[in-house]
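**Student:** First the structure, then my questions, so here it is.
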Amino acid sequence: MTASVFIDGGAGTTGLEIADRLAGRADLQLIRLDEARRKDPAARREALNDADAVILCLPDDAAREAVALIDNPRTRVIDASTAHRVADGWTYGFPELEADARERVAKATRVSNPGCYPTGFLALVRPLVRAGLLDPSTPTAVNATSGYSGGGKSMIAAFEDADAPDATGTAFRLYALSLGHKHVAEMQGHAGLQHPPLFAPAVARTYRGMIVEVPLPIAPPLSAIQDTLAQSYAGQRLVRVADAQESAAMSLVTLERLAGTDGLELFVFGNEQRGQARLVAVLDNLGKGAAGAAVQNLNLMLGLDEPSGLRLP
Ligand SMILES: NC(=O)C1=CN([C@@H]2O[C@H](COP(=O)(O)OP(=O)(O)OC[C@H]3O[C@@H](n4cnc5c(N)ncnc54)[C@H](OP(=O)(O)O)[C@@H]3O)[C@@H](O)[C@H]2O)C=CC1
Ligand SMILES: CC(=O)N[C@@H](CCC(=O)OP(=O)(O)O)C(=O)O
């Protein structure tokens with residue numbers, strides 16, 4: 001039996017990435033709206049209610065509107081926006097994060113896809129909080145850099161089109177300087193921290209790719225961090241924890257390392273004598289940070305082979 005899937009916002013950056021991953025799958029049938037109707041509320045209402053599963057690749061307000069347009073109990077929803085990531089009644093769609101997460105996603109009717117930066121941060125920090133290696137009261141900081149596709153069509157235009165209204169020639173820039181970034185609540189909430197992390201994101205002149213770093217000026221023993229992360233993700237196909245030897249042999253981490261894949265790699269760097277660590281996550285903002293995660297969640301919700309259509313690293 002084939003399941004029908006509608007991508008609302010399918011002409012956007014994330015929507016197109018998802019459609020690429022679903023193309024050619026015999027177990028799914030894609031419902032499409034043509035260019036003239038893709039923003040028409042009546043056409044969207046019909047498609048949203050006809051589909052077995054919908055993936056929302058929309059700005060937050062349009063995602064909330066799409067959910068309100070669904071008036072049947074059957075259609076299941078994956079929301080790639082920030083709108084429902086800490087909302088009651090929604091299941092957080094990060095199958096590797098908690099022992100029961102995969103099963104909860106599989107049963108859920110409303111799944112929020114994690115943010116790209118929170119995917120890296122939570123993968124590093126949540127297991128340490130759960131294991132008691134980081135006290136929930138620990139102040140945390142996150143330094144992160146994204147490829148410019150992270151800002152969707154408008155940021156892609158700003159970096160690629162000299163005539164775009166906010167065109168830029170920069171190689172690298174910091175943003176979210178007033179510390180009000182939309183991902184902070186999600187990072188704090190799903191990590192189980194008492195204080196909001198200080199989030200310092202940046203964007204670089206490369207299309208896709210992401211590094212998320214959590215520096216720990218006073219760190220638990222590196223071997224305990226390493227073992228906890230390795231145990232947390234043992235057997236996962238998309239998440240890989242580099243072993244201590246591999247990390248010790250590395251002198252660089254590049255932004256493009258996992259670009260074009262749906263994988264997530266975690267590294268524990270540091271200096272045991274100083275008692276300091278740099279925890280680093282590498283992913284593709286459009287892969288495990290968005291479209292890859294959405295397809296993984298879709299497969300789980302429909303009871304299909306979990307990595308089907310995914311770009312394994
Ligand atoms: N880019 C990334 O790396 C990531 C993005 N996300 C999230 O995914 C969502 C989509 O982001 P992204 O793909 O980057 O953004 P884009 O701007 O590239 O795409 C958004 C799409 O939504 C369409 N749209 C806007 N309003 C409506 C509406 N009312 N009805 C139907 N379609 C509408 C836009 O139309 P039009 O083409 O006419 O502008 C556009 O095609 C966002 O919530 C974002 O936060 C999540 C993780 C990572
Ligand atoms: C480079 C860049 O601007 N990135 C975006 C985050 C990507 C995004 O909007 O995605 P989420 O759905 O994960 O929130 C930002 O910081 O707002």
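The values are calculated or read from the model by the stated rules, or taken from the named source; none is laboratory data. For clarity, every value in this text was computed on a predicted model and none was experimentally measured. Methodologically, a virtual Cβ is constructed for each residue, glycine included, from the backbone with ideal geometry; neighbour enumeration extends over all protein chains shown.
**Student:** What are the residues in the stretch 280-303 that are in contact (Cβ under 8 Å) with a residue 12 or more places away in the chain, under 17 Å from Thr91 (Cα atoms) and more than 9 Å from the chain's Cα centre (by Cα), if any?
**Tutor:** If the condition is that a residue be in contact (Cβ under 8 Å) with a residue 12 or more places away in the chain, under 17 Å from Thr91 (Cα atoms) and more than 9 Å from the chain's Cα centre (by Cα), then Val295, Gln296, Asn297, Leu298, Leu300, Met301, Leu302, Gly303 are the ones that fit.
**Student:** Something else: In the list Ala171, Ala185, which residue meets the criterion of being surrounded by fewer than 16 Cβ atoms within 10 Å (Cβ to Cβ) and within 18 Å of the chain's Cα centre (by Cα)?
**Tutor:** It is Ala185.
**Student:** Scan the stretch 162-180 and tell me whether some residue there is within 29 Å of Arg64 (Cβ to Cβ) and either in contact with a His (Cβ under 8 Å, 6 or more places away or on another chain) or in contact (Cβ under 8 Å) with a residue 40 or more places away in the chain (or both).
**Tutor:** no
**Student:** Quick one: how many residues across the stretch 31-48 are under 19 Å from Ala294 (Cα atoms) and surrounded by 15 or more Cβ atoms within 10 Å (Cβ to Cβ)?
**Tutor:** Of the residues in that region, 3 qualify.
**Student:** Please find, among Ala219, Ala230, the residue that is over 30 Å from Leu179 (Cα atoms) and either surrounded by 19 or more Cβ atoms within 10 Å (Cβ to Cβ) or among the hydrophobic types (A, V, I, L, M, F, W, C) (or both).
**Tutor:** Going through Ala219, Ala230 in turn, just one is over 30 Å from Leu179 (Cα atoms) and either surrounded by 19 or more Cβ atoms within 10 Å (Cβ to Cβ) or among the hydrophobic types (A, V, I, L, M, F, W, C) (or both): Ala230.
**Student:** Next question, about the same structure. Please state which one of Ala200, Ala185 is in contact (Cβ under 8 Å) with a residue 40 or more places away in the chain, within 12 Å of ligand 2 (Cβ to nearest atom) and assigned to a helix (DSSP H, G or I).
**Tutor:** Ala185
**Student:** Pairs only if they're at least six apart or on different chains, beta carbon under 7 angstrom, first in the stretch 145-157 and in the same structural domain as Ala171 (by TED's automatic domain parsing), second within 6 Å of ligand 1 (Cβ to nearest atom) and in a helix (DSSP H, G or I); list them, first residue then second.
**Tutor:** Here the result reads Ser146/Cys116; Ser149/Thr13; Gly150/Cys116; Gly152/Thr13; Lys153/Thr13; Ile156/Thr13; Ile156/Ser149, each pair linking the stretch 145-157 to a residue that is within 6 Å of ligand 1 (Cβ to nearest atom) and in a helix (DSSP H, G or I).
**Student:** Let me ask you something else. I'd like the full set of residues that are touching a residue at least 60 places away in the same chain (Cβ under 8 Å) and either touching a His at 6+ places or on another chain (Cβ under 8 Å) or more than 16 Å from ligand 2 (Cβ to nearest atom) (or both), limited to the stretch 1-19.
**Tutor:** Once the filter is applied, which keeps residues that are touching a residue at least 60 places away in the same chain (Cβ under 8 Å) and either touching a His at 6+ places or on another chain (Cβ under 8 Å) or more than 16 Å from ligand 2 (Cβ to nearest atom) (or both), the stretch 1-19 yields Ala3, Val5.
**Student:** Something else about it: Name the single residue, out of those in the stretch 134-148 being crowded, with 17+ Cβ neighbours inside 10 Å and of a type in the set (A, V, I, L, M), that is nearest to ligand 2 (Cβ to nearest atom).
**Tutor:** Looking at residues that are crowded, with 17+ Cβ neighbours inside 10 Å and of a type in the set (A, V, I, L, M), I get Ala144.
**Student:** Where residues in the stretch 111-132 are surrounded by 18 or more Cβ atoms within 10 Å (Cβ to Cβ) and outside any helix (DSSP H, G or I), which of them is farthest from ligand 2 (Cβ to nearest atom)?
**Tutor:** Out of the qualifying residues, it is Val111.
**Student:** Give the residue that is nearest to ligand 1 (Cβ to nearest atom), with candidates limited to residues of the stretch 16-34 that are part of a loop (DSSP other than H, G, I, E, B) and more than 21 Å from Ile70 (Cα to Cα).
**Tutor:** Ala23
**Student:** Same structure, new question: Quick check on Asp60: is it closer than 25 Å to Asp20 by Cα, within 16 Å of ligand 2 (Cβ to nearest atom), surrounded by 22 or more Cβ atoms within 10 Å (Cβ to Cβ) and at pLDDT 95 or above?
**Tutor:** No; evaluated as a whole, the condition is false for this residue.
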